[in-house]
Amino acid sequence: MFVVVGVTGGIAAYKTVHVVRLLVKEGHDVHVVPTADAVRFVGLPTWEAISRNPVTTSVHEDVARVRHVALGQSADLVIVAPATANTLAKMATGLADDLLGTTLLATTAPVVAAPAMHTEMWRHPATVRNVETLRERGVVLVGPDDGALTGGDSGPGRMSEPEAIVAAALAVVAGPPADLSGLRVVVTAGGTREPIDPVRFIGNRSSGKQGIAVALAAADRGAEVALIAAHVDEGVLAAASAHPRVGVTRAGTAAELAEAVGERAASADVVVMAAAVADYRVAEVSDAKLSKDAADGTRLTLDLVENDDILARLVRERPEGQTVVGFAAETPVDGETLLDRGRRKAARKGADVLAVNRVGWSEGFESDGNEVVLLAAAGDVIATAAGSKREVADALWDAVLGIRSEAV
Ligand SMILES: Cc1cc2nc3c(=O)[nH]c(=O)nc-3n(C[C@H](O)[C@H](O)[C@H](O)COP(=O)(O)O)c2cc1C
């Protein structure tokens, strides 16, 4: 395979020497493209000797072979490691002021980036936005890991280990495994809307992105998926609607969602309740738009009644061999409390896996990233997952497979 390894100006560049070695050892034709800053950390002779190919940083060298686009056009895979905050920003904007920039714009190959930087730089809103843009465009990010950083401090920002980068990059080229093939899966996604009157509703901020990532991950890994979508934007739903192994059913209210799940759950191997389902509905929905006259002075009181607990019912009525997965969104301030509440909920609901995630004004909903703790019914932590919603979805399916293989 023709692999381009872009190297940028961070201390972790020395670890990328090992990335190149591993790829060469596996028989790949590796072409290193360092930025001008990268060669201040590790020089050209090292890259040339390790990769066994000529290495340049400038678009003005080897012009006869149109090197500034030729490398990108020939590539089957591009890895950028370490990816500095600066290079992530350049990639997100499409800047092409050096050979790595032109190569990245000229390629249609999968791009895998391994960010490395201090925690403050990683958490800066500009970097967060750039990473989101890159993920939306299909760039796969490996890491960064949490650990010791160059200045003696520690936190998220450390480049992943070379073995992990190479394994993740080769897995991207190989495509998803078909380890869910033969399974029938029901996934719910989005937020329900409980009508108040013909024009108003009680809703929530769920975008449906996590549930749809769960459905898509299952379908990509070979499962037949029935996706029940409560309110989800068409744009978010598009990839799922187009997938040959996903059938989409729309549901508006919690009751409609319960009915749609109920019809399909009996024949499913796995049910994942990722939708944000309203706990309460309006007792008496008004046929006419409520006017201000309905209010008592400046207050309007709505009577709410509890909806059925769909997850609890699924657990109660599940057929033998079925795995039930729930999601719990909590807003506690610290990780311990989050886990405590998750454990109590896991015990109450009895789902085989409960994915607990923190939500707040700026977390969880609508964003493209997520962080979850996967709990077993007994409260043990099965795994933690952080990253894009797709990465979280894949971790969830890995956990489900683990549980199902233990049960056999
Ligand atoms: C000793 C040293 C270490 C650095 N490490 C990093 C790093 O790990 N991550 C990062 O984003 N920038 C780091 N920088 C800053 C980058 O080198 C700088 O932003 C540079 O412009 C990056 O250029 P490039 O992305 O074109 O390689 C470091 C700078 C120095 C001097």
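The values are calculated or read from the model by the stated rules, or taken from the named source; none is laboratory data. Treat the numbers as computed from the prediction; the structure is a model and nothing was measured. Cβ atoms come from the backbone with ideal geometry, glycine included; neighbour counts cover every protein chain shown.
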Exercise for review: Consider residue 107 carefully, then state whether it is within 13 Å of the ligand (Cβ to nearest atom), closer than 19 Å to residue 133 by Cβ and within 26 Å of the chain's Cα centre (by Cα).
Suggested key: no
Check your understanding: Inside the stretch 143-169, can you point out the residues that are free of Cβ contacts under 8 Å to residues at least 40 places away in the same chain and closer than 27 Å to residue 403 by Cβ?
Key -> 143, 145, 146, 164, 167
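Rundown of residues vs (1) within 19 Å of the chain's Cα centre (by Cα); (2) surrounded by fewer than 22 Cβ atoms within 10 Å (Cβ to Cβ); (3) assigned by TED's automatic domain parsing to the domain that holds residue 370, yes/no style:
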{"site": "148", "(1), (2), (3)": "no, yes, no"}
{"site": "154", "(1), (2), (3)": "no, yes, no"}
{"site": "198", "(1), (2), (3)": "no, yes, yes"}
{"site": "222", "(1), (2), (3)": "yes, yes, yes"}
{"site": "233", "(1), (2), (3)": "yes, yes, yes"}
Study note, to complete from the structure: Taking the stretch 135-153 and keeping only residues that are in contact with a helix residue (DSSP H, G or I) (Cβ under 6 Å, 6 or more places away or on another chain) and either at pLDDT 95 or above or assigned to a loop (DSSP other than H, G, I, E, B) (or both), one is left with 142
Review point. Restricting the first residue to the stretch 373-394 and requiring it to be under 23 Å from residue 144 (Cβ atoms), which pairs with a second residue that is surrounded by 15 or more Cβ atoms within 10 Å (Cβ to Cβ) and of a type in the set (Phe, Trp, Tyr) meet a Cβ separation below 7 Å and a spacing of at least six or different chains?
Key: none
Point to revise | Entirely in the stretch 62-134, the helices (runs of 4 or more DSSP H) that have 2 or more residues that are surrounded by 17 or more Cβ atoms within 10 Å (Cβ to Cβ) | key: 67-74, 85-93, 99-106
Exercise for review: Any residue in the stretch 50-61 that's within 15 Å of residue 38 (Cβ to Cβ): show its pairings with residues that are assigned to a loop (DSSP other than H, G, I, E, B) and at pLDDT 85 or above at Cβ separation under 6 Å, as long as the two are six or more apart or on different chains.
Suggested key: 57/36
Exercise for review: Search the stretch 171-185 for residues being out of contact with any Leu (no Cβ under 8 Å at 6 or more places or on another chain) and among the hydrophobic types (A, V, I, L, M, F, W, C), and hand back the single one that is nearest to residue 266 (Cα to Cα).
Suggested key: 185
Check your understanding: Any residue in the stretch 53-61 that is part of a loop (DSSP other than H, G, I, E, B), within 16 Å of the ligand (Cβ to nearest atom) and of a type in the set (A, V, I, L, M, F, W, C)?
Key -> yes
Review point. From the list 81, 36, 75, 64, which one is without any contact (Cβ under 8 Å) to a residue 60 or more places away in the chain and among the small types (Gly, Ala, Ser)?
Key: 64
Check your understanding: For residues in the stretch 83-104 being among the β-branched types (Val, Ile, Thr) and away from the ligand (no atom under 12 Å from the Cβ), which is farthest from residue 15 (Cα to Cα)?
Key -> 93
Check your understanding: Does residue 112 satisfy the criteria of being modelled with pLDDT of 95 or more, away from the ligand (no atom under 15 Å from the Cβ) and of a type in the set (Val, Ile, Thr)?
Key -> yes
Review point. Conditions: (1) at pLDDT 95 or above; (2) part of a helix (DSSP H, G or I); (3) surrounded by fewer than 16 Cβ atoms within 10 Å (Cβ to Cβ). Residue 46 meets all but one. Number of the miss?
Key: (3)
Check your understanding: Across the stretch 309-329, what is the number of residues that are surrounded by 14 or more Cβ atoms within 10 Å (Cβ to Cβ) and either touching a residue at least 40 places away in the same chain (Cβ under 8 Å) or not in a helix (DSSP H, G or I) (or both)?
Key -> 14
Review point. For the stretch 284-298, does any single residue satisfy the condition of being assigned by TED's automatic domain parsing to the domain that holds residue 207 and crowded, with 18+ Cβ neighbours inside 10 Å?
Key: no
Study note, to complete from the structure: Among 187, 166, 173, the single one that is of a type in the set (A, V, I, L, M, F, W, C), at pLDDT below 95 and more than 15 Å from the ligand (Cβ to nearest atom) is 173
Practice item. Starting from residues that are touching a strand residue (DSSP E or B) at 6+ places or on another chain (Cβ under 7 Å) and closer than 25 Å to residue 170 by Cβ, keep the ones in the stretch 49-61 and report whichever is surrounded by the fewest Cβ atoms within 10 Å (Cβ to Cβ). Key: 53
Review point. Looking at the stretch 181-190, which of its residues are in contact (Cβ under 8 Å) with a residue 60 or more places away in the chain and surrounded by fewer than 24 Cβ atoms within 10 Å (Cβ to Cβ)?
Key: 183, 184
Revision key, fill the gap. Within the stretch 24-41, restricting to residues that are surrounded by 22 or more Cβ atoms within 10 Å (Cβ to Cβ) and within 16 Å of the ligand (Cβ to nearest atom), the one that is nearest to residue 106 (Cα to Cα) is 33
